[in-house]
Amino acid sequence: MSTTRFSAFVGVVCAAVLCVGCGSQAEVQPKAAAPTADSPSPSAPAVPTADPHVVPGSVLKTYLPTNRTLPEGWKVSTVFEEHDSGPKPVPPSADPSPTVNFGCDQLVRSGTEAALGGWGAYANLGVTDPSAHEVGIMVRAYSTGQASEVFGRLRSLEGVCGTTYEPNSAGLLNNPVTITVSAVDGVGDEGVRVTIDRKAYVGLDLVVMRVGDRLLSVTSDNDGGKFADVMALTKAIAPRVK
C-alpha cells in the first residue's frame with residue numbers, strides 16, 4: 001500500500017500554505033475606501049472553536065490496538081506509526097455542507113472522508129495482517145450527539161448504491177465501480193460496512209463502528225489482489241473503544 005493511499009484512510013489532511021500577492025509589482029494598488037458611519041463594519045468569519053468535552057487524541061490513542069491485543073498473526077505496522085491530535089481537542093474538522101446531498105458517487109471519489117467530517121479529535125495507526133497487508137485504523141471523537149448524526153450519512157446509503165462508472169485514462173466513463181453499503185451488527189452501538197470494488201483500479205473495504213460519540217474505522221485496499229479481513233479485525237478491537 002502506498003503512503004498516499006494510507007493517508008487517505010486515516011484522514012490526515014495536510015494543508016498547503018500559499019503566498020498570495022508575493023513578488024514585486026510596480027503598480028500601486030488603490031486603497032479601499034474607509035467605511036462611513038452609515039456603512040456596516042466588516043465582520044470576520046466565525047472561527048470554529050474546540051469543544052472541551054470531546055475526548056482528546058491523547059486518550060483516543062489508548063483505544064488503538066497493540067501487538068499484544070491484536071488477533072493472532074496481526075502486527076502493528078513498522079511503516080505507518082501511531083499519530084493523534086494531541087492532549088487537547090482541536091477545532092472541528094471540515095464538515096460537509098448540509099446543502100450537499102452525500103451519496104454513492106462521493107463514496108467513489110473520496111471514500112468515507114466525505115461523510116465523516118466534523119470530528120474534534122482523532123488517533124490513527126497502521127497494522128498488518130498475517131500476509132503483511134497494510135490496514136488503517138482510526139478513531140474519531142465528536143461533540144455530544146454529533147457522531148450519530150455523522151454516522152447517519154453512511155447509514156442512509158444502505159442498500160442504495162450499486163454499480164456506477166468512473167473515467168478511464170481517456171476520460172470515458174467505462175470503468176465499472178460497484179459500491180455496497182450494508183449494516184454490521186454485534187459490535188458497538190451501530191456499524192456499517194462499505195465496499196468499493198473497482199475493476200480497473202484499487203478498491204476499498206472498510207468498516208465504520210459508532211461507540212457513543214466515537215467512530216472507529218478500519219480500512220483495507222485490495223492492492224495485492226484481495227482485501228484484508230477488516231470485519232474480523234474490527235470485531236476484535238472495537239471493545240477497546242469507550
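The values are calculated or read from the model by the stated rules, or taken from the named source; none is laboratory data. Everything numeric here is computed off the predicted structure, so don't read it as measured data. Heads up, the Cβs are rebuilt from the backbone with ideal geometry, glycines too, and the neighbour counts pull from every protein chain shown. For accessibility, only protein heavy atoms count, side chains too; no ligands or nucleic acids. Shrake-Rupley method; radii C 1.70, N 1.55, O 1.52, S 1.80 Å.
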### Query
Got a sec? Which of T163, T195 is open to solvent by 40 Å² or more (accessible area, probe 1.4 Å) and of a type in the set (S, T, N, Q)?
T163
### Flag for V207 being in contact with an Asp or Glu (Cβ under 8 Å, 6 or more places away or on another chain) and open to solvent by less than 40 Å² (accessible area, probe 1.4 Å)
no
### Query
Which condition breaks for P176 when tested against (1) more than 25 Å from A232 (Cβ to Cβ); (2) in contact (Cβ under 8 Å) with a residue 60 or more places away in the chain?
(2)
### Query
Looking at segment 190-230, which of its residues are over 23 Å from L70 (Cβ atoms) and charged (D, E, K, R)?
E190, D197, R198, K199, D213
### Message
Considering only segment 76-85, I want to know if a residue exists there that is in a loop (DSSP other than H, G, I, E, B), open to solvent by 60 Å² or more (accessible area, probe 1.4 Å) and either at pLDDT below 75 or in contact with a Pro (Cβ under 9 Å, 6 or more places away or on another chain) (or both).
### Response
no
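Residue-by-condition table, conditions (1) closer than 21 Å to A232 by Cβ; (2) modelled with pLDDT under 85:
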| residue | (1), (2) |
| --- | --- |
| Q106 | no, yes |
| E113 | no, yes |
| D129 | yes, no |
| E134 | yes, no |
| G145 | no, no |
| G152 | no, no |
| V160 | no, no |
### Query
Which of the residues belonging to segment 162-182 are of a type in the set (G, A, S) and modelled with pLDDT of 90 or more?
G162, S182
### Task
Out of A141, A183, report the one residue that is closer than 28 Å to V76 by Cβ, touching a Lys or Arg at 6+ places or on another chain (Cβ under 9 Å) and either touching a residue at least 12 places away in the same chain (Cβ under 8 Å) or open to solvent by 40 Å² or more (accessible area, probe 1.4 Å) (or both).
A141
### Message
Can you find, within segment 210-220, the residue that is surrounded by the most Cβ atoms within 10 Å (Cβ to Cβ) among those that are among the hydroxyl-bearing types (S, T, Y) and under 21 Å from S148 (Cα atoms)?
### Response
T219
### Task
Answer yes or no: is there a residue in segment 145-156 that is at positive phi and not aromatic (F, W, Y).
yes
### Summary
Matching residues in segment 135-176 (part of a strand (DSSP E or B) and within 30 Å of Y122 (Cα to Cα)) number 7
## Note on the structure
Of the residues in segment 193-234, those that are more than 15 Å from T180 (Cα to Cα) and in a loop (DSSP other than H, G, I, E, B) come to A200, Y201, V202, G212, D213, N222, D223, G224, G225, K226, A228, D229
#### Entry: Selected residue (criterion: nearest to L215 (Cα to Cα)) from residues of segment 115-127 that are open to solvent by less than 10 Å² (accessible area, probe 1.4 Å) and modelled with pLDDT under 95
L116
